[in-house]
Amino acid sequence: MTRVLVVEDDPQLVRALVINLQARRYAVDPAPDGTTALRIAAARQPDVVLLDLGLPDMDGTDVIRALRGWTRVPILVLSARRASDEKVAALDAGADDYITKPFSMDELLARLRAAVRRTDDVPLAPETTLVMTDGFTIDLLAKKATRAGHDVRLTPTEWHLLEILVTNPGRLITQKHLLAEVWGVSQSNKTNYLRVYMAQLRRKLEADPAHPRYLITEPGMGYRFEN
């Protein structure tokens, strides 16, 4: 049974989450504050964490950093904070996803299933060099992309961006992280670079670049590779 740690101080929302999750056969551990959450996480080893940022004893980003000190458990932020910089701060701290309140229970459950599914997948081992989709194949060792049986010519910058995304399937990678990794920390505010290069990658790899299936934009936050 998948165990979910719900870190939330709103009793009504906690009750709704517990009822809906238990009805779908999840085991649920509620925590009303960050201190309790960290204690339960260490004792119960949850499979996924649902985390509010506005906790009574500490900020949720501090809970994320504390968890990331010892676990890679998926962390889904549930927050009323809508500012892009706050979302990016949570993601940069180590959150896997960000859901803005109010949210639909169906959306939350879908994101939760996706997070659990990603942890069930076997991570890419060093000898595993192929990332295969219905639209294209990436050979990480040969640094080569093919689409419909034909080689796709990628620039070194395009390849670097693509490699970061496909080796973190389903994970939202922030603009700041991508810019720092590919262009250096000094260029971490040049978001126009990302828009240009992601558009080029979509033209080369996506069947419909205007409606991408694999290289997904999360406006104001970053990008993710969905397979």
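Numerical summary
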{"quantity": "Candidates 180, 142 - the one that is out of contact with any Phe, Trp or Tyr (no Cβ under 9 Å at 6 or more places or on another chain), assigned to a helix (DSSP H, G or I) and small (Gly, Ala, Ser)", "calculated": "180"}
{"quantity": "Some residue of the range 111-121 being modelled with pLDDT of 90 or more, of a type in the set (A, V, I, L, M, F, W, C) and not in a loop (DSSP other than H, G, I, E, B)", "calculated": "yes"}
{"quantity": "Meets criteria (part of a helix (DSSP H, G or I), at pLDDT 95 or above and over 22 Å from residue 80 (Cα atoms)) for residue 22", "calculated": "yes"}
{"quantity": "Residue satisfying all of: in the range 145-168; in a helix (DSSP H, G or I) and of a type in the set (A, V, I, L, M); farthest from residue 181 (Cα to Cα) among these", "calculated": "166"}
{"quantity": "Residue count for the range 98-115, restricted to those that are within 20 Å of residue 9 (Cβ to Cβ) and not aliphatic (A, V, I, L, M)", "calculated": "5"}
{"quantity": "The range 190-227, residues that are free of Cβ contacts under 8 Å to residues at least 12 places away in the same chain and either touching a His at 6+ places or on another chain (Cβ under 6 Å) or not β-branched (Val, Ile, Thr) (or both)", "calculated": "190, 192, 195, 199, 203, 208, 209, 210, 211, 212, 219"}
{"quantity": "Qualifying residue in the range 66-73 (condition: part of a strand (DSSP E or B), open to solvent by less than 20 Å² (accessible area, probe 1.4 Å) and at pLDDT 85 or above)", "calculated": "no"}
{"quantity": "Residue in the range 32-58 that is surrounded by the most Cβ atoms within 10 Å (Cβ to Cβ), counting only those that are more than 17 Å from residue 96 (Cα to Cα) and among the charged types (D, E, K, R)", "calculated": "33"}
{"quantity": "Residue pairs meeting the criteria (Cβ under 9 Å; at least 6 apart or on separate chains; first over 22 Å from residue 116 (Cα atoms) and at pLDDT below 80, in the range 75-91; second open to solvent by 60 Å² or more (accessible area, probe 1.4 Å) and of a type outside the set (Phe, Trp, Tyr))", "calculated": "84/219"}
{"quantity": "Residue in the range 74-100 that is farthest from residue 16 (Cα to Cα), counting only those that are surrounded by 17 or more Cβ atoms within 10 Å (Cβ to Cβ) and of a type in the set (Lys, Arg)", "calculated": "87"}
{"quantity": "Qualifying residues in the range 136-166 (those that are of a type in the set (Ser, Thr, Tyr) and out of contact with any strand residue (DSSP E or B) (no Cβ under 8 Å at 6 or more places or on another chain)) - the one surrounded by the fewest Cβ atoms within 10 Å (Cβ to Cβ)", "calculated": "155"}
{"quantity": "Residue match in the range 43-57 (condition: touching a strand residue (DSSP E or B) at 6+ places or on another chain (Cβ under 7 Å) and part of a helix (DSSP H, G or I))", "calculated": "yes"}
{"quantity": "Residue 212, sole failed condition from (1) in a helix (DSSP H, G or I); (2) within 21 Å of the chain's Cα centre (by Cα)", "calculated": "(1)"}
{"quantity": "Residues of the range 74-101 classified as of a type in the set (Lys, Arg) and in a helix (DSSP H, G or I), total", "calculated": "1"}
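The values are calculated or read from the model by the stated rules, or taken from the named source; none is laboratory data. Not measured: the values here are computed from a predicted model. Every residue, glycine as well, gets a Cβ built from its backbone with ideal geometry; the counts of neighbours run over all protein chains shown. Only protein heavy atoms, including side chains, enter the accessible area calculation; ligands, DNA and RNA are left aside. Shrake-Rupley method; radii C 1.70, N 1.55, O 1.52, S 1.80 Å.
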